[in-house]
Amino acid sequence: MRHRGPAAVLRAVPWRYDLPASLVVFLVALPLCVGVAVASGVPAELGLVTGIVGGLVVGALPGSSLQVSGPAAGLTVLVHEAVQQYGAGALGVLVLLTGLLQLAMGALRLGRWFRAMSASVVHGMLAGIGLTLVLGQLYALADRRAPGTGPEKIAGLPALLRDAATGAARPSAVALGIATLLVLIAWKYLPPRLARALPGPLGAVGLAAAVTAVADLPVARVEVAGLLDVIRLPDHAALGALATTAGVGTVLAFTLIASAETLFSAAAVDRMHHGPRTHYDRELAAQGVGNALCGLLGALPMTAVIVRSATNVQAGARTKASRVLHGGWLLLFTALLPGVLGLVPLTALAAVLVHAGAKLIPVRRIVALCRDHRGEAAVLAVTTVSVVTTDLFEGVLIGIGLAVVKSAWQTSHLQIAVEEPPTAPGAEQDGQTGPVGQTPLRVRLSGNATFLRLPRLLDTLERLPADRPVELDWSGLRHLDHACTVALAAWAAQHRARSSAPLAVDPPLPTVV
């Protein structure tokens, strides 16, 4: 295979798709990077550093082609607690070790285990994240600070709507945010040439920034200072965090949650496009490289994040160039052109996030499941509610647990047939059989005999008359677990002990240990 040089690689990039997509992802990533950092109790610029590393470094590494990495909301509580307990200087050491552990996990090929994801859990995760994003950013549309948890966001919506309707919330922010959202919705109805030439989020935010500047609207805007002032290299004093059991536990928690969120996101993103599939072990190693570098810079831990990744796919990205470019835009505007970002109103970025979150909710899939597969629809609904009310990691685990229980129940179907064999005409008179009451009952088992069906199986067997011969045929079983084997052996022993009629078991039961 002939090696292609850098120039050939650049020519192969479909710039007409990846360049606009990178700008859209940049607009979505900017408020998320800042918001996660503020929620974590560190300077906003540290979230941008993590986003830059996620784009320029992890974006260029093998693993996934369209998944975008950056600081994630799922780690904010842990990061905030770590900063409060050990100080901001120790955060870099914790994140560095997280990255090294992820590199080891990738080398041990542990990432592939995360491919075992139910489609209903994936769509429930997307719906839950989309609803969480919409609920949180509705507050930002009104220039209000969102409550911390999903239930609190929902509970506060009536008061938020009342304030927006009565003018108690800042009217200019509400009007600008709603107008930006309407532009985003209407953008696809523009002439195709214009709609393709300029991405909707970029056009909507540009219009909002222009209106804000011309009318001098009193709305909050993006504020970013220099990046170099917040970068802290790990020092010897920070190593003290690792001398405690709690510090080691924090590293393990970072590693587990960051890895799980990344690979859960990969499973979801792979279902959204038809391009190259994610190589899970390489993606895990790439995240390890990114977190190790973020640790050296004293920045936030990173994961692959579904909102930015889904936006990248929906914006038409074809290759990893879009996610690398999004990191370049973050670096360019925050390091060299922070004044340009100062023109962007936060309420406009909130509208972009509301629009992106709504597109994550798979309405058609939900309707189809409710119509044809109600069990899968229940798994999707529980996963969605769990993600909204807890967090992404716990919500997905709840969904996976429910999907496993559902699958176990469905695959444990057991058919039990108690048959009265027909007696040939004249057989009794000819003496070929005993009395009708002594003809053997045939009990046929087929399907899967697991502990889930054990109560029904034992109820049927224990109702058999003690004075009748019984033929137990379990040759039709595809699976007989240990619990059912023990139960059948115990029932057979009891039946023989209390009955003088013979009992035949075909094939013989295995020896119970």
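Here are a few things to note about the model shown:
- Answer residue from the range 130-153, given it is of a type in the set (A, V, I, L, M, F, W, C) and in contact with a Ser or Thr (Cβ under 9 Å, 6 or more places away or on another chain) and is modelled with the highest pLDDT among those: 131
- The range 503-513, residues that are open to solvent by 80 Å² or more (accessible area, probe 1.4 Å) and out of contact with any strand residue (DSSP E or B) (no Cβ under 8 Å at 6 or more places or on another chain): 508, 511, 513
- Tallying residues that are farther than 14 Å from residue 140 by Cα, open to solvent by 50 Å² or more (accessible area, probe 1.4 Å) and in contact (Cβ under 8 Å) with a residue 40 or more places away in the chain within the range 172-193 yields 1.
- When the residues of the range 312-344 are filtered to those that are at pLDDT below 90 and not aliphatic (A, V, I, L, M), the one that is farthest from the chain's Cα centre (by Cα) is 339.
- Taking the criterion of being small (Gly, Ala, Ser), touching a Leu at 6+ places or on another chain (Cβ under 9 Å) and part of a loop (DSSP other than H, G, I, E, B), the residues of the range 257-316 that qualify are 275, 298, 299, 315.
- Qualifying positions in the range 462-502 - within 26 Å of residue 412 (Cα to Cα), surrounded by 16 or more Cβ atoms within 10 Å (Cβ to Cβ) and touching a Lys or Arg at 6+ places or on another chain (Cβ under 9 Å): 470, 471, 472, 473, 474, 484
- Pairs where the first residue, in the range 110-132, is farther than 16 Å from residue 310 by Cβ and the second is open to solvent by 40 Å² or more (accessible area, probe 1.4 Å) and of a type in the set (Asp, Glu), C-beta under 6 Å, 6+ apart: 120/376
- Within the range 17-28, residues that are farther than 16 Å from residue 349 by Cβ reach partners that are of a type in the set (Val, Ile, Thr) and open to solvent by 10 Å² or more (accessible area, probe 1.4 Å) with beta carbons closer than 8 Å, at six or more positions or on different chains, in the pairs 18/319; 22/324.
- On inspection, residue 231 qualifies as open to solvent by 50 Å² or more (accessible area, probe 1.4 Å), in contact with a helix residue (DSSP H, G or I) (Cβ under 8 Å, 6 or more places away or on another chain) and in contact (Cβ under 8 Å) with a residue 12 or more places away in the chain.
- Of all the numbered requirements in (1) open to solvent by less than 60 Å² (accessible area, probe 1.4 Å); (2) touching a Pro at 6+ places or on another chain (Cβ under 7 Å), residue 335 misses one, and that requirement is (2).
- In the range 27-45, the residues that are in contact with a strand residue (DSSP E or B) (Cβ under 8 Å, 6 or more places away or on another chain), within 10 Å of residue 300 (Cα to Cα) and not hydroxyl-bearing (Ser, Thr, Tyr): 33, 36, 37
- Counted as qualifying within the range 87-171 are the helices (runs of 4 or more DSSP H) with 3 or more residues that are open to solvent by 70 Å² or more (accessible area, probe 1.4 Å), namely 150-155, 157-166.
- Those residues of the range 194-228 which are in contact with a Lys or Arg (Cβ under 9 Å, 6 or more places away or on another chain), at pLDDT 80 or above and open to solvent by 60 Å² or more (accessible area, probe 1.4 Å), in sequence order: 218
- Just one of the listed residues (439, 460) is modelled with pLDDT under 90 and not basic (Lys, Arg), namely 439.
Conditions tested, residue by residue: (1) on the phi > 0 side of the Ramachandran plot; (2) among the charged types (D, E, K, R); (3) without any contact (Cβ under 8 Å) to a residue 12 or more places away in the chain; (4) surrounded by fewer than 20 Cβ atoms within 10 Å (Cβ to Cβ).
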{"site": "299", "(1), (2), (3), (4)": "no, no, no, no"}
{"site": "306", "(1), (2), (3), (4)": "no, no, no, no"}
{"site": "311", "(1), (2), (3), (4)": "no, no, no, no"}
{"site": "315", "(1), (2), (3), (4)": "no, no, no, no"}
{"site": "322", "(1), (2), (3), (4)": "no, no, no, no"}
{"site": "340", "(1), (2), (3), (4)": "no, no, yes, yes"}
{"site": "376", "(1), (2), (3), (4)": "no, yes, no, no"}
{"site": "385", "(1), (2), (3), (4)": "no, no, no, yes"}
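- Some residue of the range 198-214 being within 29 Å of residue 315 (Cβ to Cβ), part of a loop (DSSP other than H, G, I, E, B) and in contact (Cβ under 8 Å) with a residue 24 or more places away in the chain: yes
- If you go through the range 276-309 and keep only what is of a type in the set (Lys, Arg) and in contact with an Asp or Glu (Cβ under 7 Å, 6 or more places away or on another chain), you end up with just 277.
- Just one of the listed residues (366, 361) is within 22 Å of residue 306 (Cβ to Cβ), assigned to a loop (DSSP other than H, G, I, E, B) and in contact (Cβ under 8 Å) with a residue 60 or more places away in the chain, namely 361.
- Hits in the range 42-61 (condition: modelled with pLDDT of 90 or more and more than 15 Å from residue 330 (Cα to Cα)): 60, 61
The values are calculated or read from the model by the stated rules, or taken from the named source; none is laboratory data. Just so you know, these numbers come straight off a predicted model, no measurement behind them. Don't worry about glycine lacking a Cβ; one is built from the backbone with ideal geometry, like all the others, and counts go over all protein chains shown. Just the protein is used for accessible areas: all its heavy atoms, side chains included, with ligands, DNA and RNA removed. Shrake-Rupley method; radii C 1.70, N 1.55, O 1.52, S 1.80 Å.
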